[in-house]
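Trainee: Got a structure for you, written out below as structure tokens; questions coming shortly.
The values are calculated or read from the model by the stated rules, or taken from the named source; none is laboratory data. Quick caveat, the model's predicted, so the values are computed rather than measured. Cβ sites come from the backbone with ideal geometry, for glycine too, and all protein chains shown count toward neighbours.
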Amino acid sequence: MIKLGYKHKGLIEPLKEVQGMSQLLEHLEYGENVKVVNMIDACKGHFSYGIGCFTEKPLVIITYDEPSTKQISEDMMALNGKEKVYIYPARDILFYNADVHSMDITSQRIKVIEALQKGEKAVFIIPIEALLNPLSPKETWESYTKIVQAGECINISRLERELVQMGYERVGRVEGMGQFAIRGGIIDIYTPIDEEPYRIELWDDEVDSIRNFNVQTQRSIQKVEALRIVPNQEIIFHLDLLKEAIPAIKEDLKKTTKALRQAGKKESALKIEEQVGEAIDQIQNDISPRGLEMYIPYTSLKLVSILDYLPKETLLIIDEPIKTKARCERVLEEYGMSMKDRLEYGHILPKQIQLIFEYEHLIARMETFTKLFLMNFNAEVATFDVAYTLFLKVHENNTFYKNLELLEKDLKEWKKDNKRVIILSGVKAKSLRLMSELEERGVIASYSENSEEEVKKGQILIYKGVLEKGFYYEDLGLYIVADKDLFGKDKKTKKSKKKHSGAKIQSFLELAPGDYVVHEQHGIGVFKGVEQLVIEGISRDNLKIEYADNNVLYVNINQMDMVQKYVGSEGKAPKLSKLGGSEWKKSKAKVKGAIQNIAKELVKLYSQRQYSRGFCYEEDTIWQKEFEAMFPYEETGDQLEAIEDVKKDMESDKIMDRLICGDVGYGKTEVAIRAAFKAVQNSKQVAYLVPTTILAQQHYQRFAERMADYPITIELLSRFRTPKQIKKSLEGLASGKVDIIVGTHRLLSKDVQFKDLGLVIIDEEQRFGVTHKEKLKQLRTQVDVMNLTATPIPRTLHMSLIGIRDMSVLEEAPVERKPVQTYVIEYSEDFIKDAINRELTRGGQVYFLHNQVKDIEEKAHAIQELIPKARVAFAHGQMSERELEQIMLRFIEGEIDVLVCTTIIETGLDISNANTIIMNHADRMGLSQLYQLRGRVGRSSRMGYAYLMYQKDKVLKEVAEKRLQAIKQFTELGAGFKIAMRDLEIRGAGNLLGAQQHGHMESIGYDLYCKMLAEVVSEERGEEVAEEYETTIEIKLNAYIPGSYIPDEIQKLDIYKKIASIKNETDYLDVQEEIEDRYGNIPVAVYNLLDIALIKAMAHDLYIILVSENNKHVTFKFKENAPLNAEKVPEILKEYGRNLKFVGGKEPAFKANLEEAGKKELLSNIKNILHLLKKLKSE
């Protein structure tokens, strides 16, 4: 609902003067239908907003396709405010019964249901097909919505039952929407309407506190007083309802399988029997209603449309009613055909087709509302009476696209004709620049910070604001020129800055029994689980690790920091070490030698560059600031940091050699563009080197677009250029006429001479050959170099290279990227047909991933037969470079609809029109591969779809299910995502340090490699490296995590890992706080564990190798030659008193008699003594 006292009066008030507007508003006031004819797409958002302001009615706009939804919603958001516009997307009816699907659409729809339920004053935009999806009535929604408040009493088991019924899934650790976890008196829940999950902590059965928490760290953020828990599915039902329907389901199954068998489709009959059998088991055993919505047509459950949630005074604005009806009929026809195929394939039962509304049902519901039809041409609106028609006189503007001469000519003309002109120019910098440029041309315009000021006849007013497209209201004499008309590109509305914690690369990986691990002293073994050993009545947890020849090693939890999960190449099993053998020591020594070589080289290169002086760039000019302000997206925090780093490098006199690392689409190119602009501002030339011809073309276009407004000459050097063009470019480079050159390795040829080269930007250096790399190495000592890579560079490796490699890491995803809708489905041709048809219908393109060269051509033919109208081609790595290039070029230019290919899909390629990827045999691919391939789609404002298909194999059932489980985790960006990132990191490390280092990482595991690298780098730089020694703690107290406190093994290990990594009192308090936050009141055995970890850290810091306790006599034994101040010993003994003795010798020790202390005080006393012993370290 839009209230009077609305914003943008200057833009909206003139609408009141439209001929017939007062009659139109009168009819709407009486609840009569009206239509507006001669309406153009450009002004629909503006006109609808105006109507909402004048009538004060709640607004719902029904659209007919994706582009119209996008244009109207973006204009509405610009006018009404982003947070006051909701889009209700269509639910995926075709793939609703996939094994897994993303939560994003469900979440968006539920947010709309909630906003309507709470009567929010907002504009709702609904594509017509979204009205076809049934949902539970308002009353049901309200009755299942729970509000939990601090101080109220809760029955945990009842709450668990209710959450399951509301469609939530119980898990060990909440990582995604729609999940909940219960640990003792703590309930974690992630509702579909919240940005973060919430933690409810109980004191007995009373709600003690409610806090939101970070999904990555699992730590609480802040307290709230109440939490609204809404259902996690749109159709809410009790399983008892389906139990009553079992006879009807079985009857339908019997008829269906009989018909299938008679038609000779025995396999389809078996498939549907298995599928329905599993569903009946789920119903009878009260497991969960999740995924059983398809059986609702067998019950008497009442379902409604989203229209039933609207207030009765709502004004429905229907965009192009004839197209809207056609769209709806087409969707229903598609659905019907798809379901017919599905019946034949044995995917569904006949009655399940009814889970969708017919068009007639929507008409009947719409009848109860007042309607305004927006129509381009005057035509009869079938099925609805129209009381009044307004004939609008509105036209689209010319598109000026940077042609200021044309704009100047028109503005002078309009001013002479006494017209009113409003120019929306986006950001302030653009507005002021446009104003001064027009002034130079003799056109006087004024600037208004907001759009409240009314424009007078003969006046040109520039507002800071945006609309998708400009238009002209003839009878108002009003021209509205949009920023896109002037600057010719989509202007993204800046989003309010919300720092995403995102799935930043985490250094810890969950350990699970069966995983390979690396013990720093003993080598590679297999982790068998946590075992509790009771020795002399004291219980301790130990890691059980099995080595070669079935030898077992038990590692005390306190020593857990010595053990890391083994991470090597995906799917490659390492060789197990022998306990007590010398092989492991040899491997470590060999790797250390290799690391020393590479570290020497890196340090040498770095110091050479530190001492050679390069060109010192000036600080940013006004032009630079203006150029950056014209970037049409909001920069991420990481991007801004990287830009800052690069500028600092350029403004200093050292030669820059910086690596910019970030996923595809995370904004590396913009960092490069700004650096290139800065170089040109300082009269230097820039070379941008890319590995392939196609990438060169794409980057050239991007540079040309971004710098079009400035006197900068950009050229391209690649196979796509004619000899004449190349000759001209080379002459321009030598004479200094060309400022920026983009090209392939052709740029490294002898005939390429620069007049004054200042900056070289290299994209994916690891993809160049050895000779090219040598050439680049020479360049590095002469000019500033910036290296871009999309392979993630691991944090740990990054840290170990600090000081010898300048690196900027972009980990924060851009705000505009829509999450890719990911589905995991059993392979079936009807699904493939549906997925491809859906993408082609919206004018898009499809990648079909088939990773077997031998029958890829066959696969392409099969797809061609499946969809005869599609243009299908195939591509694989064994083709010649030129052949591959031509296919990719045809795909980029839209001449191919479906590209059947192996995993060679170019990593850096930006094909924003390809938004569906189907991966055949997804269960055979590595997670990191899946992650990178999924990143090929969803690169524009359109929704991307990824279908991961697997073959259901009876024999392989268990293995395949494990793989699918992993893929499911990957869909939810849970643990699987971390594994994928980790595998990519190793590739990143290999790329950064050279391929030969990859083998060394494999032999000792990635974490240990990074640790050794950091040590060697420090040694090479002449820094003091602390000698390694082990500190052992032997205190006879129970110290472990009881199974009743943290039942989940993986989480328990995670906490053990955190306890083992305590280094000081700050860490100790931090881990203690986290445990209490996540699991509730801490048991004594866990407190002991924490204290022992702190004692170990304090002792280690004092060069103590053993703290042992026997009948309350405690020994603190120092390592040989510990650098301690012996003069302080008498002072310590005097201060502590008679219960502390000192024993000199090779390994000196203090002995304390703590018999007087109670068992509880034992650990505190030991900590007190360690605090006192700190004096030995002081000078």
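Trainee: Could you pull out every one of the strands (runs of 3 or more DSSP E) wholly within the range 347-441 that has 2 or more residues that are farther than 30 Å from Glu453 by Cα?
Mentor: 370-374, 388-391
Trainee: Follow-up. May I ask you to verify whether Ile1105 is more than 24 Å from Asp1054 (Cβ to Cβ) and either surrounded by fewer than 17 Cβ atoms within 10 Å (Cβ to Cβ) or in contact with a strand residue (DSSP E or B) (Cβ under 9 Å, 6 or more places away or on another chain) (or both)?
Mentor: Numbers: more than 24 Å from Asp1054 (Cβ to Cβ): yes; either surrounded by fewer than 17 Cβ atoms within 10 Å (Cβ to Cβ) or in contact with a strand residue (DSSP E or B) (Cβ under 9 Å, 6 or more places away or on another chain) (or both): yes.
Taking the combined requirement at face value, the residue satisfies it.
So that you can scan it fast, the table gives a plain yes or no per residue for (1) out of contact with any Pro (no Cβ under 8 Å at 6 or more places or on another chain); (2) under 22 Å from Glu74 (Cβ atoms); (3) modelled with pLDDT under 85; (4) not hydrophobic (A, V, I, L, M, F, W, C):
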site: Lys416; (1), (2), (3), (4): yes, no, no, yes
site: Lys419; (1), (2), (3), (4): yes, no, no, yes
site: Ile423; (1), (2), (3), (4): yes, yes, no, no
site: Val427; (1), (2), (3), (4): yes, yes, yes, no
site: Ser436; (1), (2), (3), (4): yes, no, no, yes
site: Lys456; (1), (2), (3), (4): yes, no, no, yes
site: Gln459; (1), (2), (3), (4): yes, no, no, yes
site: Lys469; (1), (2), (3), (4): yes, yes, no, yes
site: Glu474; (1), (2), (3), (4): yes, no, no, yes
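Trainee: For residues that are assigned to a helix (DSSP H, G or I) and in contact with a Pro (Cβ under 9 Å, 6 or more places away or on another chain), scanning just the range 1000-1023, find the one that is surrounded by the most Cβ atoms within 10 Å (Cβ to Cβ).
Mentor: Tyr1006
Trainee: Examine the range 538-560 for a residue that is closer than 27 Å to Val1084 by Cα, of a type in the set (D, E, K, R) and out of contact with any strand residue (DSSP E or B) (no Cβ under 8 Å at 6 or more places or on another chain), and state whether such a residue exists.
Mentor: Here is the first cut: in the range 538-560, the ones closer than 27 Å to Val1084 by Cα are 538-544, 554-560.
Those still in the list that are of a type in the set (D, E, K, R) too: 540-541, 544.
Right, trim to out of contact with any strand residue (DSSP E or B) (no Cβ under 8 Å at 6 or more places or on another chain) and you get none.
Checking the range 538-560: not a single residue is closer than 27 Å to Val1084 by Cα, of a type in the set (D, E, K, R) and out of contact with any strand residue (DSSP E or B) (no Cβ under 8 Å at 6 or more places or on another chain).
Trainee: Which of the residues spanning the range 705-730 are assigned to a helix (DSSP H, G or I) and over 23 Å from Met888 (Cβ atoms)?
Mentor: Filtering the range 705-730 for residues assigned to a helix (DSSP H, G or I) gives 705-706, 723-730.
Hits for the range 705-730 are Arg706, Pro723, Lys724, Lys727, Lys728, Ser729, Leu730.
Trainee: Which one of these does Lys737 not meet: (1) within 28 Å of Arg613 (Cα to Cα); (2) in contact (Cβ under 8 Å) with a residue 40 or more places away in the chain?
Mentor: (2)
Trainee: Among the residues of the range 851-863, are any surrounded by 16 or more Cβ atoms within 10 Å (Cβ to Cβ) and either in the same structural domain as Asp763 (by TED's automatic domain parsing) or in a loop (DSSP other than H, G, I, E, B) (or both)?
Mentor: The answer is yes; a qualifying residue exists.
Trainee: Picking from Ile1035, Ile1050, Ile1104, which residue would you name as being outside the structural domain of Ala1122 (by TED's automatic domain parsing) and more than 31 Å from the chain's Cα centre (by Cα)?
Mentor: Residue meeting the stated conditions: Ile1035.
Trainee: Can you tell me which of (1) closer than 24 Å to Gly52 by Cα; (2) of a type in the set (Phe, Trp, Tyr); (3) surrounded by fewer than 18 Cβ atoms within 10 Å (Cβ to Cβ) is the one Tyr359 doesn't meet?
Mentor: (1)
Trainee: Related question: Among (1) polar (S, T, N, Q); (2) more than 20 Å from Leu116 (Cα to Cα); (3) at pLDDT 90 or above, there is one condition Ser68 misses while meeting the rest; what is its number?
Mentor: For Ser68, the exception is condition (3).
Trainee: Among the candidates Asp252, Asp281, single out the residue that is among the acidic types (Asp, Glu) and under 24 Å from Phe357 (Cα atoms).
Mentor: Exactly one of Asp252, Asp281 is among the acidic types (Asp, Glu) and under 24 Å from Phe357 (Cα atoms), namely Asp252.
Trainee: Shifting gears a bit: If you check Leu984 against the conditions, is it surrounded by 15 or more Cβ atoms within 10 Å (Cβ to Cβ), among the hydrophobic types (A, V, I, L, M, F, W, C) and either modelled with pLDDT of 75 or more or outside any helix (DSSP H, G or I) (or both)?
Mentor: Numbers: surrounded by 15 or more Cβ atoms within 10 Å (Cβ to Cβ): yes; among the hydrophobic types (A, V, I, L, M, F, W, C): yes; either modelled with pLDDT of 75 or more or outside any helix (DSSP H, G or I) (or both): no.
No: the conditions fail for Leu984.
Trainee: Continuing with the same structure: Scan the range 151-201 residue by residue and report those that are free of Cβ contacts under 8 Å to residues at least 40 places away in the same chain, of a type in the set (Ser, Thr, Tyr) and within 15 Å of Ala226 (Cβ to Cβ).
Mentor: Tyr198, the sole residue that qualifies.
Trainee: Going by the structure shown, is Glu731 surrounded by fewer than 24 Cβ atoms within 10 Å (Cβ to Cβ), out of contact with any strand residue (DSSP E or B) (no Cβ under 9 Å at 6 or more places or on another chain) and farther than 24 Å from Leu933 by Cα?
Mentor: yes
Trainee: Of the residues Ile283, Ile318, Ile306, which single one is surrounded by 18 or more Cβ atoms within 10 Å (Cβ to Cβ), touching a strand residue (DSSP E or B) at 6+ places or on another chain (Cβ under 7 Å) and closer than 25 Å to Tyr168 by Cβ?
Mentor: Among Ile283, Ile318, Ile306, only Ile306 is surrounded by 18 or more Cβ atoms within 10 Å (Cβ to Cβ), touching a strand residue (DSSP E or B) at 6+ places or on another chain (Cβ under 7 Å) and closer than 25 Å to Tyr168 by Cβ.
Trainee: Sticking with this one: Enumerate the helices (runs of 4 or more DSSP H) found wholly within the range 104-219, keeping only those where 2 or more residues are more than 17 Å from Gln233 (Cα to Cα).
Mentor: Those helices (runs of 4 or more DSSP H) span 156-165.
Trainee: Hey, can you tell me all the residues within the range 753-809 that are at pLDDT below 70, assigned to a helix (DSSP H, G or I) and over 14 Å from Leu689 (Cα atoms)?
Mentor: Listed by number, the residues that qualify are Val770, Arg795, Thr796, Leu797, His798, Met799, Ser800.
Trainee: Can you tell me which residues in the range 429-461 are of a type in the set (Lys, Arg) and without any contact (Cβ under 8 Å) to a residue 40 or more places away in the chain?
Mentor: Quick first cut of the range 429-461, residues of a type in the set (Lys, Arg) only: 430, 433, 441, 456-457.
Scanning the range 429-461 gives Arg441, Lys456, Lys457.
Trainee: Checking Ile61 against (1) surrounded by fewer than 24 Cβ atoms within 10 Å (Cβ to Cβ); (2) under 23 Å from Arg942 (Cβ atoms), only one condition comes out false. Which one?
Mentor: Going through (1) surrounded by fewer than 24 Cβ atoms within 10 Å (Cβ to Cβ); (2) under 23 Å from Arg942 (Cβ atoms) one by one, Ile61 breaks only (1).
Yes/no per residue for (1) surrounded by 13 or more Cβ atoms within 10 Å (Cβ to Cβ); (2) over 17 Å from Glu1065 (Cβ atoms); (3) free of Cβ contacts under 8 Å to residues at least 60 places away in the same chain; (4) touching a Gly at 6+ places or on another chain (Cβ under 7 Å):
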residue: Ile1095; (1), (2), (3), (4): yes, no, no, no
residue: Ala1122; (1), (2), (3), (4): yes, yes, yes, no
residue: Glu1127; (1), (2), (3), (4): no, yes, yes, no
residue: Glu1135; (1), (2), (3), (4): no, yes, yes, no
residue: Asn1139; (1), (2), (3), (4): yes, yes, yes, no
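Trainee: Going through the range 664-704 one residue at a time, which ones are of a type in the set (Phe, Trp, Tyr), within 27 Å of the chain's Cα centre (by Cα) and either within 21 Å of Trp623 (Cα to Cα) or assigned to a helix (DSSP H, G or I) (or both)?
Mentor: Residue satisfying the conditions is Phe703 alone.
Trainee: Can you tell me how many residues within the range 1045-1072 are more than 22 Å from Lys1117 (Cα to Cα) and either free of Cβ contacts under 8 Å to residues at least 40 places away in the same chain or crowded, with 16+ Cβ neighbours inside 10 Å (or both)?
Mentor: Qualifying residue count, the range 1045-1072: 19.
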